Each structure stands twice: as C-alpha cells, then as structure tokens.
Amino acid sequence: MEKLTFERPVIQKINAGLPSKFGISSRMEPITDIEGIPVRRLIEEFGSPVFVFSEATIRKTYKEAWRAFSTRYPRVQFAWSYKTNYLNSICRVFHQEGSWAEVVSGFEYDKAITNGVPGEQIIFNGPDKSRDDLAKAIANGSLIHIDHFDELYEIIDLCGTSVKRPKVAIRVNMDTGIYPQWDRFGFNYENGEAWDALNRIMVSGKMDLLGLHAHIGTYMMQTGSYHIAADKLAALAVGLERKYNHVISYIDMGGGFASKNTLKGAYYPGSDTTPSFDDYAEAITSSLMKSEIKPENLPMLILENGRALIDDAGYLAGTVIANKRLADGRRATIIDAGVNLLFTSFWYEHDLRPAVNVSDQTEDTTIYGPLCMNIDVIRGSIQFPLLKKGDQYVIRRVGAYNNTQWLQFITLRPNVVMIDITGTPHIIRHGETLNTINDLESVPEHLESTDNGTTQRTK
Ligand SMILES: *Cc1c(COP(=O)(O)O)cnc(C)c1O
C-alpha cells in the first residue's frame with residue numbers, strides 16, 4: 001500500500017464573516033486531464049510549464065457567440081482580435097469559423113496576411129499606423145478605422161498618389177455610463193469631434209466611408225453600455241443619411257465582452273456574474289433594430305471580441321517546485337509559471353487547481369511563481385490543498401492576452417500545444433531556447449573575448 005503523505009497539522013481561525021451561497025466548503029476539485037489527455041502526460045511530452053489550448057472549446061465558444069447574434073440580426077460578421085492571441089493556429093481556427101481579422105499594428109496586419117486573410121477582410125484599428133502601413137492597407141482594400149485627425153490628414157495626403165480609394169471608418173468614443181471613460185481612442189461623440197471627422201471625410205470626396213466603429217472598453221460587465229454605444233453610432237448613421245444621403249455598410253461594436261475569469265476583488269466568481277453572449281447580443285441588436293435606420297439600409301454588424309472567445313480554451317499546466325512557510329507561518333507554494341507567462345494574474349484571481357488527487361484539507365496559501373522577483377505572485381491568497389514538489393497543477397481560462405503579453409524575463413517561454421478536435425495534441429509554438437534569444441544579439445569585436453588577462457580562481 002502506498003504510504004500516505006504527511007501533512008503538517010494547522011490550527012485555523014474560522015472566518016465566518018461573509019458566508020456566500022457556496023457555503024463554507026473549500027474542497028478543491030482537481031483537473032486531472034484536458035480534453036481527455038492526462039495533464040501528467042502532457043507535461044511529460046511537452047515539458048513544464050506548458051500552455052494547452054482546446055480547439056473544440058474555441059469552436060464551441062465561437063458558435064455560441066455566433067448563434068446569439070445571428071439569430072437576432074440579419075447580417076453579422078466577427079473579426080478576430082489579433083492582439084488577444086495571435087498565435088497563427090489560434091487565428092486560423094477563428095478564420096476557418098468565418099472570422100475576419102482585426103489588427104492594431106503593421107506587424108499584426110502582416111500576420112493576418114500570412115494567415116491567408118484577404119485584404120478586404122482585415123480591419124485596421126489603433127493609433128499607430130505608419131504611412132507605409134496605410135498605403136499597404138489602401139492598396140489591399142482593407143478597412144481602415146481612423147483614430148485621430150493626423151491619421152485622417154495622412155490618408156487624404158496618400159489619396160494624391162494612390163489609384164485606389166481608401167475604405168475607411170472612424171472610431172468613435174463616447175459616454176456610455178462607464179467611468180473612467182475610454183476617450184483616448186478615436187473621435188469623441190459628445191463634443192462633436194466625431195461629426196467634424198465625418199464632415200471632413202465626406203467633403204474631401206476622396207474616400208469611401210463604409211463604417212462606424214466603437215470599442216468601449218474591455219471586460220465590460222454592463223451590457224447597457226453597449227446599448228448606449230449602439231444608439232449613438234446609429235444616430236451618426238442616420239445623420240449621415242440625412243445630411244449626405246450616404247448609407248454606411250457596417251457598424252462595428254468592437255469587443256470587450258467579459259470572460260468568465262474572476263477579477264481581483266470580485267465577491268462572486270466571474271463564471272456566475274459574466275453576462276452571456278445572449279445578453280450582449282440583445283443589448284446591441286435591440287438598439288440597432290429600433291433605431292431610425294431604414295430597414296433596407298440596416299448595416300452589417302461587426303464584432304471584434306477577443307477575450308470572451310478564447311479565455312476558456314486556454315490552460316497553463318505545470319509543476320510545483322517547493323513549499324515553504326513564510327515568517328508569519330503562512331504556507332507558500334512555489335510553482336514553475338510566474339507573471340512572466342501569466343500576465344493576466346495582475347488582474348485576475350486565476351482558477352488554479354491541482355492536477356493530482358489531493359486531500360480535502362485546504363489552507364490559506366500564497367502561490368508564487370519561480371522568478372527571483374518580489375511581485376511574482378500568481379495568487380496572493382487561495383484556500384489550497386497541499387501539493388508536493390513534483391505534483392502538477394492546472395490554471396484555467398488563460399487563453400486571452402497571455403500569449404501576446406508574456407515576457408521573456410529570467411527564463412524562456414515554453415511550448416504551446418493545441419489539442420485538436422480528435423484529441424491529438426500539436427505543438428503550435430515551440431518553446432524558446434538559448435539560441436532563440438542569442439540569435440538576435442550581436443557582440444562588437446572588442447567584447448568577443450571576456451578574458452581580462454588575469455586568471456582568478458576561487459580558492
Ligand atoms: C483589444 C481590442 C479588441 C478586443 O478586446 P477584448 O476585450 O479582448 O474583447 C477589439 N477591438 C479593439 C479595437 C481592440 O483594441
């Protein structure tokens with residue numbers, strides 16, 4: 001018989017303070033496998049830590065969101081937000097499902113092109129588009145969402161040399177009842193700047209104004225804000241028709257739907273409080289349908305969600321390095337993935353689970369990453385069972401932003417694996433090696449030798 005693991009007994013103060021609807025049970029369910037593959041096997045085969053994506057979950061989530069919108073509105077188009085996760089295989093799953101690409105830099109634009117997205121299906125957002133980027137986007141017939149007047153003037157200037165007419169939209173920011181307002185991108189609605197921009201575009205006669213765009217924030221819990229935003233964009237569309245007899249082709253409501261992750265400081269878990277795709281879809285489509293836009297002119301509705309479509313599909317699996325007691329007696333568990341890989345742990349109380357069967361006893365624990373840096377904390381406080389050195393863990397809902405915001409800091413970035421719909425795992429990004437990093441460096445001739453002429457040895 002296998003010897004049971006010794007667990008140090010602890011005396012704990014009972015904090016009955018705020019009983020939630022979950023009672024006081026603190027048993028933690030392990031996640032022992034992902035899409036039917038044991039976590040232990042994934043780690044043996046692909047190393048530790050390792051990011052694991054479920055293709056089935058991506059496709060299922062996409063279809064859920066698609067159904068919510070397409071059953072409520074006649075013409076819907078999704079555009080995958082590249083910055084949320086631009087691993088090519090992830091993007092291609094979305095493109096296969098029917099998504100266009102939504103990019104915010106020349107680099108992301110080129111990535112979309114190499115993923116086979118036709119130029120006319122790339123939405124180019126963001127405040128930083130170089131003259132060359134803009135020229136390329138015009139030549140390819142991409143949808144340029146103008147962020148500021150300097151960009152507008154640059155496009156007008158480019159019209160002098162370009163044979164093609166630029167296809168443009170403006171990004172509009174507005175008061176949607178969420179504060180602080182996101183007013184740094186695009187043209188403001190309330191102060192009239194959005195109309196200034198529209199007037200200049202229309203009067204220039206040099207561009208095709210195809211759309212109106214808003215992206216009101218990220219992790220937005222208030223569906224009512226989307227309703228307000230859609231009302232305001234619809235009002236601009238109605239105004240354009242009245243004043244210029246111009247009918248726009250699309251309204252782009254951006255992204256920003258909350259994922260089921262739990263924000264720091266939230267009382268209930270995100271999985272209980274996050275609005276459903278139906279809630280968001282109802283808020284947006286009911287606004288457009290009741291607007292004064294004529295039914296025959298109803299624009300295509302574009303959505304650029306990232307987070308809500310990919311978070312659930314991503315896991316980070318790894319291994320416990322050590323346990324220790326802090327000066328005050330508190331338990332600390334050190335795992336092999338830190339904030340370098342899990343950038344979102346600055347905002348989320350990530351759902352960290354054992355990947356092995358554990359005892360029912362949990363203890364308030366701090367989970368540290370492996371970095372030699374004080375802020376490397378994955379969970380400041382979590383009721384967690386004892387995991388021994390070498391045991392595996394899994395962190396759920398890490399699909400959004402981590403593979404784009406991760407840092408090559410102190411250590412190398414690991415393999416990323418995708419489990420396809422037949423249950424076969426594939427490496428979709430190889431773990432970095434010393435060469436990956438050193439290949440980008442060059443050393444001037446006078447630094448080639450590190451011999452300082454004297455030989456010093458420690459005794
Ligand atoms: C980041 C971004 C998105 C995606 O946001 P999520 O919060 O991931 O849904 C969509 N549109 C624009 C313009 C963005 O900058």
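Compute the orientation-averaged projected area for the chain from the convex hull of its Cα atoms and round it to one decimal in nm².
On the way: hull surface 122.4 nm².
Dividing the Cα hull surface by four gives the mean projection, 30.6 nm².
For the pair Gln181 and Gln383, how long in nm is the line joining their label points, each one 7 Å along Cα→Cβ?
4.3 nm
log₁₀ I(q)/I(0) of segment 146-213 at q = 0.22 Å⁻¹, via Debye over equal Cα point scatterers, no solvent, to two decimals?
-0.89
Using the 2.2 N^0.38 Å rule of thumb for compact globular proteins, work out how segment 55-311 stacks up: its C-alpha Rg over that value, please. Walk me through the numbers on the way to the answer.
Working: Rg = 17.6 Å, N = 257, 2.2 N^0.38 = 18.1 Å.
Compactness ratio reported: 0.97.
Could you work out how far helix 277-290 tilts from the main Cα principal axis of the chain, as a 0 to 90 degree angle to the nearest 10?
Long axis of 277-290 versus the principal axis of the chain: about 10 degrees.
Charges at C-beta only: +1 for Lys and Arg, -1 for Asp and Glu. How large is the resulting dipole of segment 55-311 about its Cα centre, in Debye rounded to 20?
500 debye
Set Lys and Arg Cβ to +1 and Asp and Glu Cβ to -1, take the dipole of the chain about its Cα centre, and tell me which of His426, Ala197, Val163 lies farthest positive.
Result: His426.
May I ask you to evaluate 6.51 cos²θ - 1.76 cosθ + 1.60, the Karplus curve with θ = phi - 60°, for each residue of segment 432-449 and list the ³J(HN,Hα) values in order in whole Hz, giving x for glycine and proline?
Values, residue by residue: 6, 10, 4, 5, 3, 7, 5, 4, 8, 9, 9, 10, x, 3, 6, 10, 4, 9 Hz.
What are the residues whose amide H is under 5 Å from the amide H of Ile34, where those residues sit 5 or more places off or on another chain and H is modelled from the backbone?
Those lying under 5 Å, H to H, from Ile34 are Val39.
In degrees between 0 and 90, to the nearest 10, how far off the longest principal axis of the chain does helix 55-70 point, with axes built from Cα atoms?
With both axes taken from Cα atoms, the answer is about 30 degrees.
Going highest first, how would you order 249-255, 163-169 by mean Cβ packing within 10 Å?
For the peptides 249-255, 163-169, the packing ranking is 249-255, 163-169.
Just for the chain, what percent of DSSP beta bridges are antiparallel, to the closest 5?
Values: 32 of 69 bridges.
The antiparallel proportion sits near 45 percent.
I want the local charge near Ile334. Using Cβ-Cβ distances under 10 Å, sum +1 for each Lys or Arg and -1 for each Asp or Glu among the other residues.
On the way: positive: Lys324, Lys389; negative: Asp336, Asp376.
Computed value for this residue: 0.
Provide the gained length on full extension for the span Thr71 to Asn297, in nm with one decimal, where the gain is 0.36 nm per separating residue minus the Cα-Cα distance. The partial results should precede the final answer.
Numbers: separation 226, 0.36 × 226 = 81.36 nm, distance 1.86 nm.
Extending this stretch completely gives an extra 79.5 nm.
Sum -39500 (n - 2.57) across every DSSP H segment of at least 4 residues in the chain, then divide by the residue count to get the 222 nm mean residue ellipticity, nearest 500. Can you show the working numbers first?
Values: 13 runs with 128 residues, N = 459.
Rounded to the nearest 500, the figure is -8000 deg cm²/dmol.
Could you state the angle between the C-alpha long axis of helix 193-204 and the longest principal axis of the C-alpha atoms of the chain, as a value from 0 to 90 degrees rounded to the nearest 10?
50 degrees
Could you work out, for segment 68-120, what percent of all Cα-Cα pairs fall into each 10 Å distance bin, beginning at 0 Å and stopping at the bin that holds the largest distance?
That works out to 25, 52, 20, 3, in percent per bin.
A short reminder: the numbers here are calculations on the coordinates, not readings from a lab. From a predicted model like this one, the values you see are computed outputs, not experimental measurements. Note that each Cβ is placed from the backbone with ideal geometry, even for glycine, and that neighbours are counted across all protein chains shown.
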